[in-house]
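Here the structure is laid out as structure tokens; the discussion comes afterwards.
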Amino acid sequence: MSDKPALLIMQPHLAFLVPVLEPDYVVWRFWEGPPLEATAVIEALVIAGEFPVDKALAEGLPKLGLIACFTAGYDGVDLAWASARGLKVTHSPGVNSEDTADHAMGLILAAWRRIAEGDRIVRGGGWRANEKLLTQSLKGRRLGIVGLGAIGVALAERAQAFGLEIAWWGPRDKPDAPWPRVDSLTDLAKGSDILVVTARANEQTRGLITREIIEAVGPDGLLVNVSRGQLVDEDALIAALKDGRLGMAALDVYQTEPTPPERWRDTPNVVLTPHTAGATAAAVPRMIALTRENLRRFFAGEDVANPVPD
């Protein structure tokens, strides 16, 4: 048996962490089915925070003391449950807010100026010399931001450069914010040409963007989501796009990931990216560094560097 501490990486897309962590830890891979003897020695789970923690699995690990979220988000962790069992929970905050805001702005441009559609026309041989793909100007349009956290602020700053009129809504006022807060989410949606979801994902925000909110954005409007898929009623979104109650959508996150391609095959006026908003060559090394530091401190008996907020 190794003297190195043991940990379990839960999701296969985090497999790139294995060679990073193996010099210091015994690393088990959940998707390979760790042997029974691993149960007695695993002290930490390394997870992508958007995936629900398997509580039965966790409760069957007698030495478990840490759930280390590689991501900034930790919505897959039931914090009350973790606290009741004395489990520390860490994450990687603030590493990709700017990148996610960049991506949100890119999705706005791709949908509103029909850039993705134009690409398909050229590649498909549909470009005709006597036809123009007319698009709408962005300057002067009304941008509504749902959740004015770090990503929302970074997006608002970028949107100002494009001449967008900015408003926002969130459950708590921020008196220092330079942009007006609207009284309700419904009012924000009704008053927006473009509605972007950047709110934190938790049980209170699950299903926040309902059919009524989608319809309030309207047949000429655009809905963008770079937060979590669970915040949007995806079935209502698809139905509204198909029958014209919503003009456009641009999504980086989905109800189920990877999202089934057939779900979107006949859905019009939508731009899709595979949950890459925060995954950049600059952000990922910072996330690795924070995860390693949280693990190091935990196993050294020190206070972790990045506990999740209370």
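The values are calculated or read from the model by the stated rules, or taken from the named source; none is laboratory data. Keep in mind the model is a prediction, meaning the values are calculated, not measured. We place every Cβ from the backbone using ideal geometry, glycine too, and count neighbours over all the protein chains shown.
Below is a table of values for the structure above.
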quantity	calculated
Candidates Ala129, Ala156 - the one that is on the phi < 0 side of the Ramachandran plot and modelled with pLDDT of 95 or more	Ala156
Of all residues in segment 28-50 being of a type in the set (A, V, I, L, M, F, W, C) and either in contact with a Phe, Trp or Tyr (Cβ under 9 Å, 6 or more places away or on another chain) or in a loop (DSSP other than H, G, I, E, B) (or both), the one that is nearest to Gln230 (Cα to Cα)	Ala48
Condition met for Arg142 (over 21 Å from Thr205 (Cβ atoms) and out of contact with any Gly (no Cβ under 7 Å at 6 or more places or on another chain))	no
Sole residue being among the aromatic types (Phe, Trp, Tyr), over 22 Å from Gln204 (Cα atoms) and surrounded by 20 or more Cβ atoms within 10 Å (Cβ to Cβ), chosen from Phe30, Phe16, Phe70	Phe70
Selected residue (criterion: nearest to Asn269 (Cα to Cα)) from residues of segment 184-206 that are in contact with a strand residue (DSSP E or B) (Cβ under 8 Å, 6 or more places away or on another chain) and assigned to a loop (DSSP other than H, G, I, E, B)	Asp193
Residues of segment 223-251 that turn out to be part of a loop (DSSP other than H, G, I, E, B), among the charged types (D, E, K, R) and out of contact with any Pro (no Cβ under 8 Å at 6 or more places or on another chain), as a count	2
Flag for Asp310 being in a loop (DSSP other than H, G, I, E, B), more than 13 Å from the chain's Cα centre (by Cα) and surrounded by fewer than 21 Cβ atoms within 10 Å (Cβ to Cβ)	yes
So Ala279, is it modelled with pLDDT under 95, farther than 17 Å from Val196 by Cα, surrounded by 13 or more Cβ atoms within 10 Å (Cβ to Cβ) and not charged (D, E, K, R)	yes
Filtered residue count, segment 227-250, keeping only those that are surrounded by fewer than 24 Cβ atoms within 10 Å (Cβ to Cβ) and either over 19 Å from Lys190 (Cβ atoms) or free of Cβ contacts under 8 Å to residues at least 12 places away in the same chain (or both)	8
Any hit, segment 262-281, residues being of a type outside the set (Gly, Ala, Ser) and in a helix (DSSP H, G or I)	yes
Residue within segment 203-214 that is in contact with a Ser or Thr (Cβ under 9 Å, 6 or more places away or on another chain), at pLDDT 95 or above, in the same structural domain as Leu148 (by TED's automatic domain parsing) and basic (Lys, Arg) present	no
Options Gly106, Gly86; residue that is more than 19 Å from Ala283 (Cα to Cα) and not hydrophobic (A, V, I, L, M, F, W, C)	Gly86
Residue satisfying all of: in segment 204-226; closer than 17 Å to Gly152 by Cα and of a type in the set (A, V, I, L, M); surrounded by the fewest Cβ atoms within 10 Å (Cβ to Cβ) among these	Leu208
1 or more residues free of Cβ contacts under 8 Å to residues at least 40 places away in the same chain and hydrophobic (A, V, I, L, M, F, W, C): qualifying strands (runs of 3 or more DSSP E) within segment 51-164	66-69
Members of segment 120-151 found to be surrounded by 11 or more Cβ atoms within 10 Å (Cβ to Cβ) and under 14 Å from Ile108 (Cα atoms), listed by number	Thr135, Gln136, Leu138, Arg141, Arg142, Leu143, Gly144, Ile145
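For every residue, the table says whether it meets (1) in the same structural domain as Thr135 (by TED's automatic domain parsing); (2) among the aromatic types (Phe, Trp, Tyr).
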{"position": "Trp28", "(1), (2)": "no, yes"}
{"position": "Glu50", "(1), (2)": "no, no"}
{"position": "Ala56", "(1), (2)": "no, no"}
{"position": "Leu61", "(1), (2)": "no, no"}
{"position": "Ile67", "(1), (2)": "no, no"}
{"position": "Ala80", "(1), (2)": "no, no"}
{"position": "Thr90", "(1), (2)": "no, no"}
{"position": "Arg114", "(1), (2)": "yes, no"}
{"position": "Ile121", "(1), (2)": "yes, no"}
